[in-house]
Amino acid sequence: MTDRRDLDATQTRFEIQKALKWLGFYYGPIDGVLGTGSRGAIAQWQQMAGYLADGQLDNGQTETLFQSYHDDLARKGLQIVQDSESGIEIALPTNLVRFDRYDPPFAHFVARNTPQSPFQVLLISQTGDATRLRALYKAMQTLEIVPTQGQRNLTDEGFLLTGQKPGLRSYTEVQLSNGTIKGFTLVWDPSEQRDTTHILAAMRASFAPFGTQAMSDGVQQMSDDQARDMLSGLALRRPRSMQSGVYLTQTGVVLTANAGLGSCARLTLGLNINTQALFSDDTLGIAVLAPQSLLAPRAIATWQLNPPRIRDEIATAGFSWGDALQSASLTFGTLQDLRGLKGQEGLRRLSLLALPGDAGGPVLDAQGRVLGILMPRTNDPVRLLPDDVQFALAAPQILDALAQAGLWQNPPVDVPTQTALAPEVLARMGADMTVLVACWD
């Protein structure tokens, strides 16, 4: 602990400002001048500590202030850590985090097993140029620890990312210099904001890449069956839910079921293509989404408007397992009725073992024409339907609603034929016109 008696008056003023700043009362420069800002900070600390808030420190109060400052430093265990593997020197709260592993380009420091340690630190290190810097910038934004809400700033010399969502905050700072890309990430619980302000300030001030060494590899995607969920040992941000949609136009406009989509913070086609809603009908349960960049789908829906025959074979194309497969799969079934169980017009009852990810996808006849789209199953608290009972919204109701909304006047409609397509041909047609729709928090 610094003994005030060992300091001259100027040094004491510097130490007072430093202590007040660390404890969250002072935000001005450390200049040794106890002006209006410093006196106001002293008064705030005095009030908190139970003293008369007059902005003047006596010897005893000064010693108490210094003791609080050094006790807080000791609790966090802030000290300079020199990590030779990453080539980074930085101040870390060693009482709150501990080294766990290297998973290039990250050195992972995880929270110590104490209730008061909700922190996580990454040291970032890899060789590279501006192209690899941009790739890392893009990759890090897919991580669960970098929420979408926050600051995004990329230059040729580095990038800054901040993220926030309920229960999580993060700060990432990376710089490119002399062929190496180095930086750090701090992750914390927002309830610890006061401590984090001090820790982050110390990390930023002390961050010092040294030498020319860096971790030998860049971002590493896992090779096992968890690859789609992990990136260099970190969890990727995942959609809240995934379903299917069918391409309506050659520019990539998509029709899907709208159940639950209204609460999504973001909707994408696949996992990356942002969309905006052009139309939604809660009564019918459908939505039309337009990609924010033009697409060129391999196929679009061709509609069958004539009433199908009961017991005809049908199939639905959908992403039954979300993004586990790269393209939609086909599930075969039969048409059981041209109405719902309560006689609802415009619904088709199907016998089909579909999964939740299939909802919103096209229901095809044996010639590959779209009879309607598969609706999500509803949770009825009174009665539980057999697993193979599904419903589709019929094509005429869909096209009428789109025409009335001014979205579509002349959809492609096929002339009925009796020639059934081979299953592999039907599967390819279904996959080409079907797209994954992802809902994100």
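Only the coordinates and a few stated rules stand behind these numbers; no lab work does. Computed from a predicted model, the values in this text were never measured in an experiment. Positions of Cβ are backbone-derived with ideal geometry, glycine not excepted, and every protein chain shown enters the neighbour counts.
Structure above, values below:
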item	result
Options A74, N274, N113, ranked by Cα towards positive dipole end of the chain, top entry (Cβ charges)	N274
Helix-only mean residue ellipticity at 222 nm for the chain, each DSSP H run of n ≥ 4 adding -39500 (n - 2.57), per residue, nearest 500	-6500 deg cm²/dmol
In sequence order, calculated HN-Hα J values of segment 170-185 (Karplus, 6.51, -1.76, 1.60; Hz; x Gly/Pro)	8, 9, 10, 10, 9, 9, 10, 7, 6, x, 10, 10, 9, x, 8, 10
Cα Rg, Dmax (largest Cα-Cα span) when computed across segment 257-346, Å	15.9, 42
Exposure proxy order (Cβ contacts within 10 Å, fewest to most) of M48, M433	M48, M433
Cα long-axis angle, helix 395-404 against the chain (0 to 90 degrees, to the nearest 10)	60 degrees
Normalised contact order of segment 40-131, rounded percent, pairs of Cα under 8 Å and 6 or more residues apart	16 percent
Fraction in percent of alpha-carbon pairs per bin - 5 Å, segment 4-76	3, 18, 30, 29, 16, 3, 0
Within the chain: Cβ-based charge dipole about Cα centre, in debye rounded to nearest 20 (Lys, Arg +1; Asp, Glu -1)	520 debye
Neighbour-count order for R132, R369, fewest beta carbons within 10 angstrom listed first	R132, R369
Angle between the chain longest axis and helix 130-140 axis [Cα atoms, degrees, rounded to 10]	80 degrees
Inter-probe distance in nm under a simple model that places probes 7 Å from Cα toward Cβ, at D58 and T162	4.1 nm
Cα coordinate range in segment 79-234, projected on the principal axes (Å, largest first)	38, 35, 29
Alpha-carbon gyration tensor eigenvalues x 5, square-rooted, for segment 239-441, Å	23, 20, 17
Neighbour-count order for V389, V246, V382, fewest beta carbons within 10 angstrom listed first	V382, V389, V246
Helix 9-22 vs. the chain, principal-axis angle (Cα, 0 to 90°, nearest 10)	20 degrees
Eligible lysines near K21 by straight Cα distance, threshold 24 Å, same-chain separation 8 or greater	K76
Relative contact order (%) - criterion: Cα under 8 Å, at least six apart; region: the chain	12 percent
Dipole moment magnitude, nearest 20 debye, segment 316-441 about Cα centre, only Lys, Arg, Asp, Glu C-beta charged	280 debye
Using alpha carbons only: equivalent-ellipsoid semi-axes of the chain, gyration tensor based, whole Å	61, 24, 18
Lys/Arg +1, Asp/Glu -1 at C-beta; the chain dipole; positive extreme among A201, Q326, A403	A403
